[in-house]
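Let me begin by presenting the structure, written as structure tokens, before commenting on it.
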Protein chains: 2
Amino acid sequence: MRIDKILVATTNKGKLKEFKKLFGDLGIQILSLDDMPEKIKVEEDRETFLENAVKKAKEYGDFYKIPVIAEDAGLEVEALKNYPGVYSARFYSIDFGGVYQIKESIDRTNIEKLLDLLKDEKNRKARFVSVVVFYIPEDFGLWTEGYCYGKIAEKPEGEKGFGYDPVFIPEGYKKTMAELDLEEKNRISHRGKAVRKLMEKLRYLLS
Amino acid sequence: MRIDKILVATTNKGKLKEFKKLFGDLGIQILSLDDMPEKIKVEEDRETFLENAVKKAKEYGDFYKIPVIAEDAGLEVEALKNYPGVYSARFYSIDFGGVYQIKESIDRTNIEKLLDLLKDEKNRKARFVSVVVFYIPEDFGLWTEGYCYGKIAEKPEGEKGFGYDPVFIPEGYKKTMAELDLEEKNRISHRGKAVRKLMEKLRYLLS
């Protein structure tokens, strides 16, 4: 099957740029939600990364009637029963562990809460999870999962990346994800792994 | 990638038999939930066929750590805002349209309620929907969708098949799904279409 356009269901410029680069090879035009004339709102209100990503892909795809890519991702911390999980982006605002007021930025406030909850905790094991979904309306869908295992640092280090990168030390590393160059991060990251696996399978299915 | 076992997440003997036949060609052993030593319960409590099927595949796969196939299917009737939909199997018992007491069988009671709701209704357009999900734990998932368009008959005809088959007249036919031989039904049915599409894609991905 040949397709000529894919909607990447994000307004995040960074993610969009990555997908454009990845799909350029296949000669497929990448659109974002900003390119769509009519807007719809899809809530990410499910209990798992997979269900959020599937829901986004399905609802945008069925509405716009073009192939869609959607992603959901987050951090799971073993000692916190896998929280923040699907609440990673708005961890500061949920009841679990207490509601925090935003100070410097949302990212920094989420990190502050995380480090407070892990104070004096010896088990600092954590993993980043990414689920990427590709969907062709009324035909088929494909999802891949990517994981990056590591531990939570005692304090933030590094200025690159975003989210919890400054407190996440990948396995086999002595520095945080926020201290890695983008190229190195992509090589080991949850999102990098999930996207490469997706691309590999799509090469078969779309050729 | 080669796999040697697949769990079909059903206790329905008919579905299991179909999958065994389909996967025999690929030299893959088919297990059912009855073959699993430890039991878990996965509720089909989501709002869409896709989310129910994805949830089942994901939860069984992650628990048993083997590749899984899961399906969800049902009838959507245009004049009833796509009800019974995900409630197809227990339509008699839900508030929409009023709760019915089971008489002869659940299937017959569901059909009785459906025909009552469509009394004097001119728009009898309906479709069967099937979503089939294949999932390899912590790796990837694939789903396909199959549709069978038709209309709701004025009264039940035929004794084959199950569910709403006796009141569903497929497009281009003058008899109900319950009057078709299994082979003919599989050729045009929502489940047949979804499963064939899935097999076709798995042949690429698992070879």
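The values are calculated or read from the model by the stated rules, or taken from the named source; none is laboratory data. These figures come from a predicted structure and were not determined experimentally. Positions of Cβ are backbone-derived with ideal geometry, glycine not excepted, and every protein chain shown enters the neighbour counts. Surface accessibility is based on the protein's heavy atoms, side chains included, excluding ligands, DNA and RNA. Shrake-Rupley method; radii C 1.70, N 1.55, O 1.52, S 1.80 Å.
Pull up the DSSP beta bridges for the protein assembly as shown and report the antiparallel fraction as a percent, rounded to 5. Don't skip to the answer; put the middle values down first.
Numbers: 57 of 69 bridges.
Close to 85 percent.
Computed from point charges on the beta carbon alone (+1 for Lys and Arg, -1 for Asp and Glu), the dipole magnitude for the range B:5-206 about its Cα centre is near 440 Debye. Working from label points 7 Å from Cα in the Cα-to-Cβ sense, the residue B:95 to residue B:120 distance is 2.5 nm.
Average projection, convex hull of the Cα set of the range B:115-191: 6.4 square nanometres. Under 20 Å from a point 7 Å along the Cα-to-Cβ line of residue B:82: which residues of the range A:124-144 have their amide N that close? Only A:134-142 pass the distance filter.
Run the helix sum for chain B: -39,500 (n - 2.57) per DSSP H stretch of 4+ residues, divided by residue count, reported at 222 nm to the nearest 500 deg cm²/dmol. Walk me through the numbers on the way to the answer.
Values: 5 runs with 63 residues, N = 207.
Only helices count here, giving -9500 deg cm²/dmol.
Using a simple spin-label model with pseudo-atoms 7 Å out from Cα toward Cβ, residue A:149 and residue A:186 lie 2.6 nm apart. Amide H to amide H distances under 5 Å link residue B:10 with B:33, where only residues 5 or more positions off or on other chains count and H is placed in the peptide plane. Rg ratio for the range A:31-95: its Cα radius of gyration over 2.2 N^0.38 Å, N being its residue count, equals 1.30.
When each pair of different Cα atoms in the range A:5-206 is counted once in the 1/r mean, what is the Kirkwood radius in angstroms, to one decimal?
On the way: mean 1/r = 0.0565 Å⁻¹.
For the range A:5-206, inverting the mean 1/r across all distinct Cα pairs yields 17.7 Å.
The value for the protein assembly as shown of Rg(Cα) / (2.2 N^0.38 Å) is 1.09.
What full-extension length gain, to one decimal in nm, is calculated for residue B:4 and residue B:157 as 0.36 nm per residue of separation minus the Cα-Cα distance?
On the way: separation 153, 0.36 × 153 = 55.08 nm, distance 4.20 nm.
Once the chain is fully extended between residue B:4 and residue B:157, it gains 50.9 nm.
Let me have the relative contact order for chain A, percent, based on Cα pairs under 8 Å that are six or more residues apart. After rounding, I find 17 percent.
Shortest first, residue B:97 label-point distances to identical copies amount to 4.7 nm, with the label point at 7 Å from Cα along Cα→Cβ.
Using a Gaussian network model of chain A in which every pair of alpha carbons under 10 angstrom is joined by a spring, one finds that among A:65, A:55, A:119 the greatest mean-square fluctuation is at A:119.
Could you please state how large a percent of the accessible area of the range B:1-120 is carbon and sulfur, counting protein chains only and using a 1.4 Å probe? Exposed carbon and sulfur together represent 48 percent of the surface. Counted residue by residue at 0.36 nm each, then reduced by the alpha carbon distance between them, the extension gain from residue B:138 to residue B:44 reaches 31.7 nm. Label reach from residue A:62 (point 7 Å along Cα→C-beta): in the range B:122-146, amide nitrogens under 17 Å belong to B:126-133, B:143-146.
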